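Scroll down for the structure; my scribbles are underneath it.
The values are calculated or read from the model by the stated rules, or taken from the named source; none is laboratory data. Just so we're clear, the structure is a prediction, and the values are computed from it rather than from any experiment. Methodologically, a virtual Cβ is constructed for each residue, glycine included, from the backbone with ideal geometry; neighbour enumeration extends over all protein chains shown.
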Amino acid sequence: MDTTLASAQHLTSHVSWPARVLASAPQLSSPILRLGLAAVLFPHGAQKLLGWFGGYGWSGTMGFLTGKIGVPTPVAALVILIESLGPVFLLLGLATRPVALGVIAVMLGAVATVHAPNGFFMNWSGAQAGEGFEYHLLVIGMALALLVSGGGSFSLDRRLAKAANARG
């Protein structure tokens, strides 16, 4: 039996909590999800952190999140870090579950604070006051799948879990 499988038996056994968080089955759906989610999140994070792709960078984004939206400064900083560093971690398959949880929190916060009043659909035609939340639901779905399954094949999580289990 593969000791890194995140089965119910495994999660209730006497395995260290890092090994349980990192545990992942050897399947290909997780790396595909990690790659897709990282590819979509990275440009948004780079806008917020670095000002790339027409973004406002760290100070501009902090000003928007703390001033206009009213997000506390530590939370605003976490939003920027999750969206900018999270994709790198996802590409590596490192801390996949914690990153997925952070991404879910960021997307729920974005819907609750900005996008819900604009309805479901993105603003393709420019007729709405702003963007809807369909993108956020897709990201949440991808992140939920990673939260459940872990990093999967080709992930550092899987290697670290195996090493942690080998140490006992």
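For the reader, a short list of remarks on this structure follows.
- Reported count of residues in region 137-162, each being assigned to a helix (DSSP H, G or I) and either modelled with pLDDT of 95 or more or under 15 Å from residue 95 (Cβ atoms) (or both), is 18.
- Restricted to region 59-82, and to residues there that are within 19 Å of the chain's Cα centre (by Cα) and not aliphatic (A, V, I, L, M), the residue that is nearest to residue 102 (Cα to Cα) is 74.
- Once region 1-51 is narrowed to residues that are more than 18 Å from the chain's Cα centre (by Cα) and at pLDDT 95 or above, the residue that is nearest to residue 151 (Cα to Cα) is 50.
- Some residue of region 89-97 being of a type in the set (Ser, Thr, Tyr) and more than 10 Å from the chain's Cα centre (by Cα): no
- Within this structure, residue 102 passes the test of being closer than 23 Å to residue 156 by Cα, small (Gly, Ala, Ser) and in contact (Cβ under 8 Å) with a residue 24 or more places away in the chain.
- Taking region 106-134 as the range and being surrounded by 12 or more Cβ atoms within 10 Å (Cβ to Cβ) and at positive phi as the test, only 119 passes.
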